[in-house]
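Student: Following this message is one structure expressed as structure tokens.
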Amino acid sequence: MRHLLDFAFLIFRPLYWLAGKLFAVWARPSVQPEAPAELITDGDAAICYVLETGGLADVLALERACAKNGLPPPSESFYFGGQRFSRRFVVLRPLSGIFFRRPSASGSRRLRTLVDAGKNISDDLLLIPVAIYWGRSPDKEHSLFKLLFAENWDVAGRTRKFFATLLHGRNTLMRFSHALALSSIVQDGVEPNIAFRKVSRILRVHFRKRRTVTVGPDLSHRRTLARQVLLAPNVKRAIAAEASDDAKKLEQAEHKVHKYVQEIAADISYPTIRFLVGILRWLWNRIYDGIELGNTERLRDLAKEKVVVYVPCHRSHFDYMLLSYICYEKGLQLPHIAAGINLNLPVVGPILRRGGAFFLRRSFKGNRLYAAVFDAYLYQILLRGYSIEYFVEGGRSRTGRLLSPKGGMLAMTVNSYIQDPKRPVVFVPIYFGYEKLIEGDSFINELGGGAKQTESLLGLIRSIKGLRENFGHVYVNIGEPIDLDNMLDGMQSDWRNMPIGNGERPAWLNEVVDKLGQSIMSGINAAAAVTPISLLAYVLLATPKQTIGAQELRSQLQLSLDLLKRFHYSDSVTIPDMDPDEIIAHGEKLNAISRTSHPMGDVIHMTESTAVLLTFFRNNILHLLAVPASVACCFIQGRELPLAEIQRLVNLIYPFMRKELCLQWGDDEVDQVTTQAVDALVDQGLLIRRKRKSALERPPAGSAEAYQLMMLGQAMVPMLQRFYLVVAILVQHGSGTLSRVRLERMCQLSAERLSMIYGLHSPDFFNKTLFHDFIRKLQDQDVLRRNGDGLLEYDDDIVGIGADARLVLGEEIRHSILLLTVPEDQVEE
């Protein structure tokens, strides 16, 4: 091919020009990065492109990309080291042979000549690796069509490259990499053969890593996957335990292993993925205004060196497809997605499996063999460098808050890694933010006490009632990656030297998994996307009847935007680039709010059903201003407080706030964070610092600033009411009289009744899980203890919380809570 190209360039240049024109009609590769010329930092150095295997199609594709991006064309000659080279590219692995073409054993002679020419001269040469993937895909071994024409790890000959170009010309990715200066690789005095081998090795490693990132690891292991799982030590032990030296049972157990592998394993099919991408692209354009991506630069280099485990929040059925779609569009390896076995439905299951899903049962309890097979399968995925995606919350959040992390998949991932830590693992928190949910109606029903609908893809299909409805934007933010090695080193420094392989998980693993789960959830929240709808919900739900004047709404929205910037939660948080009027108009466009005209000024409001649903979106961002809002709460009933008293009150509730909202600060950081919140409120004119700086006071009653401070504090009042309700019921019944289950039920019923009386349009106010987590945290803090009879005991200190509540809660609602009684027949153990 090299001689053919020389002949084409030097003798038949018109034919090459004609081939380029014909090629451009059909083949239009996507180029990454968007501006490859920016990768060239030395404008004086000679430039030479490096192709992995070459071929006329690759050169024509490169020619077109260079012309479009203002780069020197690969077909032109250039001078380097006193020599003239007829074209500006080399092929790293040139193919030789007429009928059966294989990579040349001697490597690239042109590259050898360039390396030799670069010795002992002051000029430099920039080698720019360019990777081209025709119909990029993981291999699917039983598909002849894909083996012949789609991109994989095999070397493509002329016939295969021709059909690949013909069939995948518009589904091709071209990636320019940073230029490699030849002088930085080859030092003076190095022997020519050694210098050539060094340059070749660096380029080979680079292309191999690029192919892994884009195409995925070589999937040839799937041909023997069942056998690999069968040979896993844990699986062998589980088979032996089940068979008990019975030959027939042994055969049955081995048959079960094969069956389990088929039930679990993904079977990625690129034609299926392209089909799904086409549907998703149509669907996104149909119902969404666009997908807004944040911090995606964090993903670019991770997959080169590490196994990436994507750990997104779970808020919609679309979560399953959204991240894979983004990875595809960004040219990243598609992740294997852990999906519940309930989604392995006829027709639907095989499609998801070919899209990268692997299935797991909701519980492994009582089936040691299945657990061992799943562990072995996960180990094989990690061993071969596949990225993985799973939801650590387990199920979708119905309240908009993050759920407590489930440790199952995390424990299996960490345990698989420590058995053979060859390739580092990094967890990447992903934040999904929606402006409207297709499951909105079912969420309202479930939050109101209706039965929870089983998660299934059919449920998703039933949810899509009107594709003509506008669902706004979808926001996807990439959180700060969490390196597993660093976490293990920090918690168990000698973990690499500990004996592994007896089938039992080490005793210290649970503590690592707990911390990892907490870090992931706080990492997700630290990458929150503030949306126009979540801001509207945050403000309007703080009003008594979800109604506010248009001017007051503008002021409160501007305050929220200013506070989000002044009280800086995280560099990963994104804030809409919109002013209050644009936010209000956007809310009206999505039918989230309505406007009523009035001579004294327009009034903005929302319906009761909309208010219920918008609690979901308010809760998405509640954590971002939780500390400033808690400070504001301290001034709802009091006018002046010393800074030390504010810090004491925030310290009192912070452990419970941190648990409920997955806040990122430790308990020892609260005083500093509270001071920062106070400073932010002072800067906004919502608090006044007295001459003696230790005291702060709220603005004069009736002022716009006092109203804004009160509105800000209202965002945290429902949470504090729940906390006070639990304490009040405990004190009312006395120490050692209630079990945890009974207390949770009494709190739920009491909160539900309060919600009905005071019109609190927030079903999550009486959410059982929130009471459960709060009571658990009281036990963790040793405020509550279980006695020998399983009943909750407490000290007299808990009574003092009532006095602090007077600073925050209105007298009417405090009295209502204290007077609440729950009929005995309504409380079940």
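The values are calculated or read from the model by the stated rules, or taken from the named source; none is laboratory data. Predicted, not measured: the structure shown is a model, and the values here were computed from it. We place every Cβ from the backbone using ideal geometry, glycine too, and count neighbours over all the protein chains shown. Surface accessibility is based on the protein's heavy atoms, side chains included, excluding ligands, DNA and RNA. Shrake-Rupley method; radii C 1.70, N 1.55, O 1.52, S 1.80 Å.
Student: Just to be sure I understand the filter: pairs with C-beta atoms under 7 Å, separated by 6 or more residues or on different chains, first member in the range 238-256 and buried (at least 16 other Cβ atoms within 10 Å of the Cβ), second member among the basic types (Lys, Arg). Which pairs pass?
Tutor: Partner pairs satisfying both residue conditions: Ala238/Arg368; Glu242/Lys249; Ala243/Lys249.
Student: Out of (1) open to solvent by 30 Å² or more (accessible area, probe 1.4 Å); (2) out of contact with any helix residue (DSSP H, G or I) (no Cβ under 6 Å at 6 or more places or on another chain); (3) modelled with pLDDT under 90; (4) among the hydrophobic types (A, V, I, L, M, F, W, C), the odd one out for Leu791 is which?
Tutor: Answer for Leu791: the failing condition is (3).
Student: Return the residue satisfying two criteria in turn: it lies in the range 417-440 and is touching a strand residue (DSSP E or B) at 6+ places or on another chain (Cβ under 9 Å) and more than 30 Å from Tyr288 (Cα to Cα), and of such residues it is most open to solvent (accessible area, probe 1.4 Å).
Tutor: Residues of the range 417-440 that are touching a strand residue (DSSP E or B) at 6+ places or on another chain (Cβ under 9 Å), as a first pass: 417, 423-435.
Adding the requirement that they be more than 30 Å from Tyr288 (Cα to Cα) leaves 417, 423-426.
Values: Tyr417: 10, Arg423: 55, Pro424: 37, Val425: 1, Val426: 3 Å².
Checked the range 417-440; the qualifying residue most open to solvent (accessible area, probe 1.4 Å) is Arg423.
Student: Looking at the range 707-766 only, could you name the residues that are small (Gly, Ala, Ser) and either touching a residue at least 40 places away in the same chain (Cβ under 8 Å) or open to solvent by 10 Å² or more (accessible area, probe 1.4 Å) (or both)? Spell out the reasoning first.
Tutor: Let us first name the residues in the range 707-766 that are small (Gly, Ala, Ser), namely 713, 715, 728, 734-736, 739, 750-751, 755, 759, 762.
Gly713, Ala715, Ala728, Gly734, Ser735, Gly736, Ser739, Ser750, Ser755, Gly759, Ser762, listed by residue number.
Student: Would you confirm, using the coordinates I've provided, whether Ala626 is open to solvent by less than 10 Å² (accessible area, probe 1.4 Å), within 27 Å of the chain's Cα centre (by Cα) and closer than 30 Å to Gln551 by Cα?
Tutor: yes
Student: Right, next: In the range 674-695, which residues are open to solvent by 70 Å² or more (accessible area, probe 1.4 Å), within 20 Å of Val650 (Cα to Cα) and not in a helix (DSSP H, G or I)?
Tutor: Those that are open to solvent by 70 Å² or more (accessible area, probe 1.4 Å), within 20 Å of Val650 (Cα to Cα) and not in a helix (DSSP H, G or I): Arg689, Lys693.
Student: In this structure, does Leu770 turn out to be under 22 Å from Ile636 (Cβ atoms), open to solvent by 40 Å² or more (accessible area, probe 1.4 Å) and either modelled with pLDDT of 85 or more or under 37 Å from the mean Cα position of the chain (by Cα) (or both)? Before the answer, list the steps.
Tutor: Details: under 22 Å from Ile636 (Cβ atoms): yes; open to solvent by 40 Å² or more (accessible area, probe 1.4 Å): no; either modelled with pLDDT of 85 or more or under 37 Å from the mean Cα position of the chain (by Cα) (or both): yes.
Against the criterion (under 22 Å from Ile636 (Cβ atoms), open to solvent by 40 Å² or more (accessible area, probe 1.4 Å) and either modelled with pLDDT of 85 or more or under 37 Å from the mean Cα position of the chain (by Cα) (or both)), Leu770 does not qualify.
Student: Scan the range 346-359 and report the pairs whose first residue is more than 9 Å from Thr272 (Cβ to Cβ) and of a type in the set (Phe, Trp, Tyr) and whose second residue is open to solvent by 40 Å² or more (accessible area, probe 1.4 Å) and in a helix (DSSP H, G or I), with Cβ atoms within less than 8 Å and a gap of 6+ or a chain change.
Tutor: Pairs found: Phe359/Ile341.
Student: Criterion first (small (Gly, Ala, Ser), within 20 Å of Ala411 (Cβ to Cβ), open to solvent by less than 30 Å² (accessible area, probe 1.4 Å) and modelled with pLDDT of 90 or more) does Gly523 satisfy it?
Tutor: Here the answer is yes, as Gly523 does meet what is asked.
Student: Right, Arg698: among the basic types (Lys, Arg), closer than 30 Å to Gln684 by Cα, open to solvent by less than 20 Å² (accessible area, probe 1.4 Å) and touching a residue at least 24 places away in the same chain (Cβ under 8 Å) or not? Full working, then the answer.
Tutor: Details: among the basic types (Lys, Arg): yes; closer than 30 Å to Gln684 by Cα: yes; open to solvent by less than 20 Å² (accessible area, probe 1.4 Å): no; touching a residue at least 24 places away in the same chain (Cβ under 8 Å): yes.
Answer is no for this residue.
Student: Given the conditions (1) at pLDDT below 90; (2) open to solvent by 10 Å² or more (accessible area, probe 1.4 Å), which single one is not true for Cys634?
Tutor: Result: Cys634 passes all but (2).
Student: Which members of the range 557-600 meet the condition of being open to solvent by 20 Å² or more (accessible area, probe 1.4 Å), farther than 17 Å from Ile533 by Cα and out of contact with any Asp or Glu (no Cβ under 9 Å at 6 or more places or on another chain)?
Tutor: Lys565, His568, Ser597, His598, Pro599, Met600
Student: Looking at the range 323-335, I want the residues that are at positive phi and touching a residue at least 12 places away in the same chain (Cβ under 8 Å) and have a partner that is of a type in the set (Val, Ile, Thr) and not in a loop (DSSP other than H, G, I, E, B) with Cβ atoms under 7 Å, at least 6 apart or on another chain. Which pairs are those?
Tutor: These pairs meet every condition: Gly331/Thr214.
Student: Okay, next question. Hey, can you tell me all the residues within the range 194-232 that are modelled with pLDDT of 85 or more and open to solvent by 30 Å² or more (accessible area, probe 1.4 Å)? Quick ask: steps written out before the conclusion?
Tutor: Narrowing the range 194-232 to residues modelled with pLDDT of 85 or more: 194-207, 232.
Of everything in the range 194-232, those that are modelled with pLDDT of 85 or more and open to solvent by 30 Å² or more (accessible area, probe 1.4 Å) turn out to be Ile194, Arg197, Lys198, Arg201, Ile202, Arg204, Val205, His206.
Student: Can you name every residue in the range 591-603 that is in contact with a strand residue (DSSP E or B) (Cβ under 9 Å, 6 or more places away or on another chain) and farther than 17 Å from Arg618 by Cα? If you could, list the steps in order and put the result at the bottom.
Tutor: Kept after step one, since they are in contact with a strand residue (DSSP E or B) (Cβ under 9 Å, 6 or more places away or on another chain), are these residues of the range 591-603: 593-598, 600-603.
Correct list: Ser594, Arg595, Thr596, Ser597, His598, Met600, Gly601, Asp602, Val603.
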